[in-house]
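Read through the structure below, which is laid out as structure tokens, and then see the notes.
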Amino acid sequence: MTENNISVVDIKRIPDAPLFTVEVNEEEAGVHGWIVIHSLGAGGACGGVRLYPDVNREEVYQLARAMTYKYSFFEKDTGGAKAGLQMPFDLPPEERKRRLRIFGAHISPLLRANIYLPWTDMNSRMEDLNCILEGAGIPAGGGGDSAYYTALSTFAGVIGAAEFYSIPPDRCKITIEGLGNVGLYLAREIARWGGKVIGATTRIGGVVNPNGLDIEQITQFRKEKDDEWVLQKGDWESITHAELFELGMDIHVPCARVHSLTEKIAEALKARAVVPAANVPCTPGGSAKLIDKGIPLLPDFIINGGGIVGTGLGELGGSDEDVSRIFYADFKDMIVRLLRMSEKKKISAVSLAADESHRYFNHLWHSGRTEPALSDKIYRGLEWRGLMPKSYRKGKASAKLHRIIKERFSG
């Protein structure tokens, strides 16, 4: 084996470059999108389908790469991927479905071979995924709402940061950039906890109330007006996107697009910590400016990992109450340990978390190219013969995921 071959096969760190990218471009049909497969594991590659008017190849790449970090951190034998399809907001429902079916037909080989496993993402719902599957000639699937679990893990990050800084709930002021499905779930959790969401934005505009926004009022307006709820007359004042970052919050939650937190925004930001629900929220300049100002940026691939953790624990037999308790307690404690370790070692929280992802990635890389472990073969054989319940392996997987959360950053 040559030296070059070794460098390709024996990967120790997560690479920047993806494995491959597929572009779908039918101009006459109005269909333009991408799938980026950043890595592959024994379970193929998984990631959401982003539907947005100006989504582009670079954004999809950044999101796919973040999925590799996320799956590696939680030691899941799945690669990182993402899809993006340019989709205007005002399309009639039937035209939206038609474009999704065409996209699905083009990517059918990846779906049928289980190379790419799609999920929901920004502006996409389960019915959108079913249209894609229909176009690919695959029976529609089911699935839960991963946005709720993403909100729970983000909430765990919020209360973890508040505990680290000794901020009681009734004095904790929070802003949310991009209050969509995840953001609204998060806002409800914050309100139940006793914290105050003092400002929020959508793609349309923003609102502020220094005493805390009325989350129930936002919920009702959003049901009727979607992102335009910010234009309604509520218990708030209107603000621009830029004014959100100057509100003097304790914790800021980016919940919008890739690279929404630029160097200019970081310069204006007055938060004590940034807890991102969004993937890849910062530009390189934005990250550098936060470090210069001493504002901790928590790793997005942990904070928004609730979709993996919650869905995984639920599928493995955990009750809703058990899953919620893991987020409220163990996941929160993991964030506190990360912040303490970052402060002690004077290494950014993102770098510490990335080291954990790199550590597992080598195993992830090889897992897709080797036979299953002997123990796994034995378990499957016993299940097939009816000598062992399937719940046994599920229990082992659930215990492993729980152990990861309880032990990370304990050293």
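Since every read-out is calculated from the coordinates, none of them should be taken as a lab result. Here the structure is a predicted model, which is why all the values come from computation and not from measurement. Cβ: placed from backbone, ideal geometry, glycine included. Neighbour counts: every protein chain shown.
3J(HN,Hα) along segment 83-98: 10, x, 10, 5, 9, x, 5, 9, 5, x, x, 5, 5, 4, 4, 4 Hz, from the Karplus curve 6.51 cos²θ - 1.76 cosθ + 1.60 with θ = phi - 60°, whole Hz, x for Gly and Pro. For the chain, the relative contact order comes to 17 percent (Cα pairs under 8 Å, sequence separation of at least 6).
I'd like the projected area of segment 3-142, averaged over all directions, using the convex hull of its alpha carbons. Report it in nm² with one decimal. Over every viewing direction, the Cα hull of segment 3-142 projects on average to 8.9 nm². Here the relative contact order of segment 147-344, from alpha carbon pairs under 8 Å that lie six or more residues apart, stands at 25 percent.
Scalar couplings 3J(HN,Hα) for segment 209-215, obtained by applying the Karplus form with A = 6.51, B = -1.76, C = 1.60 to θ = phi - 60°, are 8, x, 8, x, 6, 7, 5 Hz; x denotes Gly and Pro.
Shown in residue order for segment 102-112 are the 3J(HN,Hα) couplings computed by the Karplus curve 6.51 cos²θ - 1.76 cosθ + 1.60 at θ = phi - 60°: 4, 4, x, 5, 5, 9, 3, x, 5, 6, 5 Hz (x for Gly and Pro). Dipole check for the chain: with +1 at the C-beta of Lys and Arg, -1 at the C-beta of Asp and Glu, and the Cα centre as origin, the magnitude is about 1400 Debye.
Inter-label distance, Ala329 to Gln62: 3.8 nm, where each label sits 7 Å from its Cα along the C-beta direction. Sorted on the mean count of surrounding Cβ atoms within 10 Å across their residues, most packed first, peptides 330-342, 85-97 read 330-342, 85-97.
Amide H contacts of Tyr116 (H built 1.01 Å from N, in plane; Pro and chain starts excluded): Ala45, Leu111 sit under 5 Å, all sequence-distant by 5 or more or on other chains. In terms of overall dimensions, segment 187-247 has a Cα radius of gyration and Dmax of 10.8, 29 angstrom. Considering the options Tyr165, Ile132, Ala266, tell which one lies farthest towards the positive end of the dipole of the chain, charges being +1 on Lys and Arg and -1 on Asp and Glu at the Cβ, about the Cα centre. Final value for the positive-end residue is Tyr165. Each Lys and Arg contributes +1 and each Asp and Glu -1, all at the Cβ; summed about the Cα centre of segment 147-344, the dipole is approximately 380 debye. Amide H to amide H distances under 5 Å link Ile138 with no residue, where only residues 5 or more positions off or on other chains count and H is placed in the peptide plane.
Taking amide H atoms as placed 1.01 Å from N in the peptide plane, the amide H of Ser39 lies under 5 Å from those of Leu19, Gly80, each 5 or more residues away in sequence or on another chain. Each peptide in 123-134, 182-193 gets a packing score, the mean of other Cβ atoms within 10 Å over its residues, and the list from highest to lowest is 182-193, 123-134. Using R0 = 45 Å, the C-beta based FRET efficiency linking Lys406 and Glu267 works out to 0.75. Applying 0.36 nm per residue to the separation of Glu95 and Glu237 and subtracting their alpha-carbon distance, the gain on full extension is 47.5 nm. Counting 0.36 nm for each residue step from Ile138 to Glu163 and taking away their Cα separation leaves a gain of 4.3 nm. Farthest toward the dipole's positive end in the chain, which of Ile190, Phe245, Leu339, given Cβ charges of +1 (Lys, Arg) and -1 (Asp, Glu) about the Cα centre? Value: Leu339. Compared with the direct C-alpha span, the chain from Lys293 to Thr219 gains 23.2 nm at full extension, assuming 0.36 nm per residue.
Which value in Å is the Kirkwood Rh of segment 147-344 over different Cα pairs?
It works out to 16.6 Å.
DSSP beta bridges fully contained in segment 3-142 are about 55 percent antiparallel.
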